[in-house]
Amino acid sequence: MSPSVLFWGLVALMGSSEGLYLLTHSMNPRLHPRLYYGCYGDILNMETAGAPCDIARPINCGIHGSEMFAEMDLRAIKPYQNLIKEVGLRHCVDPALVAAIISRESHGGTILHDGWDHTGAKFGLMQLDKQVYKPYGAWDSKEHLLQGVGILANNIQTIQKKFPTWNATQHLKGGLSAFKAGSDAISSPMDINHDLTDDLLARAKFYKRHGF
């Protein structure tokens with residue numbers, strides 16, 4: 001059997017664009033970072049306003065503000081880079097987006113106490129709410145990160161099915177909003193939390209440029 005026939009046979013067995021993505025990247029893990037964006041759209045092509053601006057912080061906002069906070073967290077997140085890539089690949093989610101969530105939610109874990117936030121309500125690098133989810137594993141473990149990224153992917157897919165006419169950016173932003181508020185809270189584009197999603201996208205673009 002020729003290599004090309006074997007390749008496309010594997011693709012057929014795996015099925016879907018996600019299967020093709022996983023197969024090609026597992027065969028060639030050194031693909032350029034720009035090509036490594038998962039199954040939910042290329043974040044580098046998505047518009048974002050960055051962190052929201054208000055009177056209290058007129059300077060540390062916008063794309064510059066998001067990138068500033070992302071850079072502050074870079075050292076803390078770097079040790080998790082390989083794990084983030086592995087987990088992102090497993091769920092076909094852009095690792096840069098996972099890094100952005102970890103930056104915004106826990107600053108790379110630096111503000112957590114035994115994995116919990118200061119209220120004891122949220123757990124792990126991606127800060128899963130214990131009232132909504134039953135956290136698995138240690139707060140910075142592969143098991144727990146797989147859970148968090150899996151929840152994110154499921155929310156994006158739910159928004160895709162719920163709003164089939166939306167574009168890729170709306171689906172991703174809707175999924176990110178649902179990750180925090182639940183998919184039932186999203187009934188129209190007006191329900192997308194742009195303060196959250198624009199900040200996350202701006203941070204994700206920063207991490208994409210830094211090897212995630």
**Message:** What are the pairs with Cβ atoms under 7 angstrom where one residue, in region 158-172, is without any contact (Cβ under 8 Å) to a residue 60 or more places away in the chain and the other, located anywhere, is part of a helix (DSSP H, G or I) and aliphatic (A, V, I, L, M)? Sequence gap at least six, or different chains.
**Reply:** Thr158/Ala178; Ile159/Ala178
**Request:** Return yes when Lys78 is assigned by TED's automatic domain parsing to the domain that holds Gly150, free of Cβ contacts under 8 Å to residues at least 60 places away in the same chain and either outside any loop (DSSP other than H, G, I, E, B) or at positive phi (or both) and no when it is not.
**Result:** yes
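So that you can scan it fast, the table gives a plain yes or no per residue for (1) buried (at least 23 other Cβ atoms within 10 Å of the Cβ); (2) within 22 Å of Thr197 (Cα to Cα):
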{"residue": "Leu74", "(1), (2)": "no, yes"}
{"residue": "Ile102", "(1), (2)": "yes, yes"}
{"residue": "Ile111", "(1), (2)": "no, yes"}
{"residue": "Asp117", "(1), (2)": "no, yes"}
{"residue": "Lys122", "(1), (2)": "no, yes"}
{"residue": "Gln131", "(1), (2)": "no, no"}
**Asked** Residue check: is Thr169 in contact with an Asp or Glu (Cβ under 9 Å, 6 or more places away or on another chain) and either over 25 Å from Asp117 (Cβ atoms) or not in a helix (DSSP H, G or I) (or both)?
**Response** yes
**Asked** What number of residues within region 123-151 satisfy the criterion of being of a type in the set (Gly, Ala, Ser) and either under 17 Å from the mean Cα position of the chain (by Cα) or in a helix (DSSP H, G or I) (or both)?
**Response** 4
**Item:** Flag if Gly148 is out of contact with any Ser or Thr (no Cβ under 9 Å at 6 or more places or on another chain) and either without any contact (Cβ under 8 Å) to a residue 24 or more places away in the chain or not β-branched (Val, Ile, Thr) (or both)
**Value:** yes
**Request:** Output the number of the condition that Asp199 fails; it satisfies all remaining conditions of (1) farther than 20 Å from Ala51 by Cα; (2) surrounded by 15 or more Cβ atoms within 10 Å (Cβ to Cβ).
**Result:** (1)
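The values are calculated or read from the model by the stated rules, or taken from the named source; none is laboratory data. Quick caveat, the model's predicted, so the values are computed rather than measured. Here Cβ is always computed from backbone atoms with ideal geometry, including for glycine, and neighbour counts include all displayed protein chains.
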